[in-house]
1. What dipole magnitude, in Debye to the nearest 20, does chain B give about its Cα centre under +1 on Lys/Arg Cβ and -1 on Asp/Glu Cβ?
2. Taking the Cβ-Cβ separation of A:ARG27 and A:ALA381 as r and a Förster radius of 25 Å, what is the calculated FRET efficiency to the nearest 0.05?
3. How much of the DSSP bridge set in segment B:207-313 is antiparallel, in percent, rounded to the nearest 5?
4. How far is it, in nm, from the label point at B:ALA216 to the one at B:GLU35 when both lie 7 Å from their Cα along the line to the Cβ?
5. Compute the distribution of all C-alpha to C-alpha distances in the protein assembly as shown, in bins of 10 Å from 0, and list the percent of pairs in each, rounded to whole numbers.
6. Using unit Cβ charges (K, R positive; D, E negative) and no other charged atoms, how large, in debye to the nearest 20, is the dipole of the protein assembly as shown about its Cα centre?
7. Taking amide H positions as placed in the peptide plane 1.01 Å from N, state which residues far from A:GLY94 in sequence (5 or more) or on other chains have amide H under 5 Å from it.
8. Can you sort B:HIS275, B:HIS148, B:HIS53 so the residue with the fewest Cβ neighbours within 10 Å comes first?
Amino acid sequence: MAAIRIRGLGLVSSYGIGVARAVEGMRAGRTGITPLTLFSLPFQDRIQVNQFDHAPFPPGAACTTTIVETAIQEALAEAQFDNTGLRDAALVLGTSSFLFAGEADYRHTLATTGQAVMPPLEPPGQVALRVARDLGIDGPVLTLTTACSSSANALLVATGLLRRGEVRRALVIGVEGLSVAALSGFHSLMLLDPQGCRPFDAQRSGLQIGEAVGAVLLETDDAAHGGDFLLGGANLCDIHHTTSASPDGSTMRATMEMALVDAGLEPADVSLIKAHGTGSLDNDTAEAAAMRALFGADLPPFTGIKRYLGHTLGACGAVELAALLGCLRAGFVPPTAGFTQPDAALRIAPLTEARPAPAGPVMLNFFGFGGNYASLLIAHA
Amino acid sequence: MPRPVYIHAAAALGPHGDITRMERRALNGDPPPLELKERVKEIVGVPLRQASHLVELAAVGSQLCLKRLPYPAPENTAVYLGTGLAEVRKNEAVFRQVMPPGPGLASPFDFINAANNMAAFYVAKLGNFRARNLTVTQEEFSFEWALHLAAADLRAGEYRQVLIGGVDENSHPRIGHLRRIALRDDQPMGEGSGWLVLSAAAERACGELIEVKHVARGTEPVQTLRDAVRIWRRPEEPLTLLPGLRIEAAEVEQLAAALPGLRVQDYLGFCGGYHTAAAFGIAALFDAPAAPGLFLHLNRDSSGRTMLCAVRVFQP
């Protein structure tokens, strides 16, 4: 089976434009929490968010395409490609939805015309088609919408296209913007932690929502050349409940196990886990149970990075892969910001200090609403 | 040539709530809003109290398909769902709740149901499927790409069985709906749910998914069809073209003229125009009594890409 090399990474996050900006912040132990200025909310003073600087981008719905293309250009620059290298590539995009773009459109129209006009709420597939057109991509174009695992699943779908030889290159995008709808929805579900994300902490009480765009350029390649590789992964559905995981973590465990099989690895091969670690009671309880069950006493070190970047929902697959791999390339594993007090019920605790990047495979987990789970394995040179 | 993928069951739910050939009715305008509570009771068997209309469409279509399967579907059945507009009504409801002059807070149930993968979750939950579960939302090719990925899983041996559907809902009024999907003035806006159970096993199959193909830009559609006929058509086998949503009448005429013996079947006249109408068109081929033959579904997206889907319906 052909190896899949990670040729380029791109990131626009609350740290700024570029993977390096996020890595710099995470190395310094700074969270990317920012004031919320995009819009106002009645509960604004009771939440923490990660908003990126919108000044460099056009207002309204056009903002989304520009930000996506900014992240892509960084990935292409790393790979030393221009757009012509993408002609026969696949473009696979993951997002929970583009409701945030509809909101941006509405706010822009209201601000410029004084008219409150319901925007069309265009189909989720539009952005991928626009980006493909702009970059001259003639290969397959797909959009995956599987809640918080969307862009992790986009990485898996791209892996399939590459392994089957349908394309030689695939550009995977994760995109999510802050939206009144998402923040209000999570607030209604009482799932936002006023103190921000505290993964696996005894006092955790919910999420910290963020916006970001991640781009990952993949290419089939000979593993002997060195570099970073996407080794494989898996997706499974937990049918326990629409919004909460099986408390025993059984489906999360099964997803991680299947991912290991797909990558040709054993649990003992894993040197680090990037947990989903949303900071919600349910997720972290189930995820801890799953990790304990699968790895037992040999649980590798694990970290959660959502206090740095926010929970970027459908984008977190590509965004967290780009940020974490950026940190590994810079030689370190970021500790779990927001974690201070172990939860005795979980019986495990994440990394609290930065440590040198390990040499072995790294597991990345993503668990979403609708029981949609994805687990990925990467190798860092 | 790709390894065959077999169709073991199919079901199509149309915009009138129609599920059999006898119940299909040609549309002569936009269908009235579809009430599915009775169909849910009859086919799903459990109430879906807080579910969205899209979830109801998906649940009825997928459960009907599973009921037509001559054996119980295993737990390890992967679910692929294509939807062009996804949860458009719930997304609009949440938008109106949170944006001025709305009340400013989202209803928790509306928010949960606005998640675009909730329909695929319910399909898996009702079927007790603890396997791969993917929702593809790529406009006109949402169903075709879901079908392509499902077939690839079967061919790679990753799954022995897959439940694959295409589901879309319309929204009212028409003028608002047309801001999301381009339809001609004479084209009714449709909605529906089309499902197939695909398997790697030939035994008990009612048909075959021969290929789902992304046609390279610059390739003439007539050449694509000629190649398909040359490779796949058996001697004397009836050959039918199913023109998809974006294939205009003039092009259909041109294709029919270029391929002698080609019949044309207009399924859109029964389900209306929506992104995943292809799922209805293909699943409805298996409405009893099914007519055997080779069926080629051709479709295009708004960027001019073309996809071909080749299906064989077996002699019952």
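Values in this text are rule-based calculations from the coordinates and carry no lab data. Bear in mind the structure is a predicted one, so any value in this text is a computation, not a measurement. Note that each Cβ is placed from the backbone with ideal geometry, even for glycine, and that neighbours are counted across all protein chains shown.
1. Working: 34 positive and 34 negative charges, 115 e Å.
Result for chain B is approximately 560 debye, rounded to the nearest 20.
2. After rounding, the FRET efficiency stands at 0.85.
3. On the way: 16 of 24 bridges.
Approximately 65 percent, going by the DSSP bridge assignments.
4. Rounded to a tenth, the inter-label distance reads 5.4 nm.
5. Histogram of Cα-Cα distances, whole percents per bin: 3, 17, 28, 27, 17, 7, 1, 0.
6. Numbers: 58 positive and 69 negative charges, 91 e Å.
Taking the Cα centre of the protein assembly as shown as origin, the dipole is about 440 debye.
7. Placed amide hydrogens put A:LEU144, A:ILE173, A:GLY174, A:VAL175 under 5 Å from A:GLY94.
8. Values: B:HIS275 31, B:HIS148 27, B:HIS53 21.
Lowest to highest Cβ neighbour count: B:HIS53, B:HIS148, B:HIS275.
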